[in-house]
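Input: a single structure, listed below in structure tokens.
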Amino acid sequence: MTDGVVAIAMTLLVLDIDVPDGLQGQALKDALDDVQGQVGTFLLSAVVIALFWRAHHSVLRDAEWIDASLFWCNVAFLALLSLIPFPTRVLAEYGRQPLGPGLYGAVIGTAALVLYLMAVRIARGPGRRRPLPPFPAQACVFLLSVVIARFSPSAAVYSWIASVPLSVLAHRHATRTSRVSRP
């Protein structure tokens, strides 16, 4: 099911990139210049969706059961994943206003948080006491960017870059902690 949601979400992303028919010469060049922002947000969201897809498979790989709470978390995650084309379009069109980066940050941050809740539920499910997964830096960064966007939309967008090194650090810390806690 996740594979289908990912495929549809990525398809919807590319459908928003549009150049009017019948253009030639300078008008065509201008139209192509105008869609560069759309292509950039498409690439950003395509990578985000692909990373969520990979992380979702990784989280559910450890699931030995699915109860009602895990089921509904999964439904919420898939709904947020399928919603990503909408804030992507808003970001492409209103990236210089607080709404564009704010909405995008809210959806991506919430999806990362829901996926984390699924991982926690699986790690601490019936008969399991595995170490908790590292808290998702992506959720923190993207949700914090909602506040940053109110003051500076461009700073909010640039803040998303911080999720990469913070995620690496969180993963390294979790790896070290799990090695130390093993008997």
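Here region 5-39 is the region considered, the condition is being free of Cβ contacts under 8 Å to residues at least 24 places away in the same chain and β-branched (Val, Ile, Thr), and the residue that is surrounded by the most Cβ atoms within 10 Å (Cβ to Cβ) is 35. Looking only at residues in region 49-96 that are of a type in the set (S, T, N, Q) and farther than 13 Å from residue 111 by Cα, the one that is farthest from the chain's Cα centre (by Cα) is 69.
Anything in region 89-108 that is in contact (Cβ under 8 Å) with a residue 40 or more places away in the chain and among the β-branched types (Val, Ile, Thr)? List them, or say none. The one that is in contact (Cβ under 8 Å) with a residue 40 or more places away in the chain and among the β-branched types (Val, Ile, Thr): 108. Filtering region 92-115 to residues that are buried (at least 20 other Cβ atoms within 10 Å of the Cβ) and modelled with pLDDT under 95 leaves only 92.
Picking from residues in region 122-141 that are at pLDDT below 85 and of a type in the set (Lys, Arg), the one that is surrounded by the fewest Cβ atoms within 10 Å (Cβ to Cβ) is 129. Just one of the listed residues (144, 166) is modelled with pLDDT of 80 or more, touching a helix residue (DSSP H, G or I) at 6+ places or on another chain (Cβ under 6 Å), of a type outside the set (Gly, Ala, Ser) and surrounded by 14 or more Cβ atoms within 10 Å (Cβ to Cβ), and it is 166.
If the condition is being in contact (Cβ under 8 Å) with a residue 40 or more places away in the chain, surrounded by fewer than 17 Cβ atoms within 10 Å (Cβ to Cβ) and outside any helix (DSSP H, G or I), then region 40-88 contributes 62, 63, 64, 65, 67. Scanning region 36-57 for residues that are more than 19 Å from residue 142 (Cβ to Cβ) and modelled with pLDDT of 90 or more yields a single hit, 57. The conditions of being in contact with a Cys (Cβ under 9 Å, 6 or more places away or on another chain) and assigned to a helix (DSSP H, G or I) are not met by residue 100. Filtered by the rule that a residue be aromatic (Phe, Trp, Tyr) and closer than 15 Å to residue 48 by Cβ, region 93-132 gives a lone residue, 104.
In region 14-34, the count of residues that are in contact with a Lys or Arg (Cβ under 7 Å, 6 or more places away or on another chain) and part of a loop (DSSP other than H, G, I, E, B) is one or more.
The values are calculated or read from the model by the stated rules, or taken from the named source; none is laboratory data. Just so we're clear, the structure is a prediction, and the values are computed from it rather than from any experiment. So basically every Cβ, Gly included, is an ideal-geometry build from the backbone, and we count neighbours across all protein chains shown.
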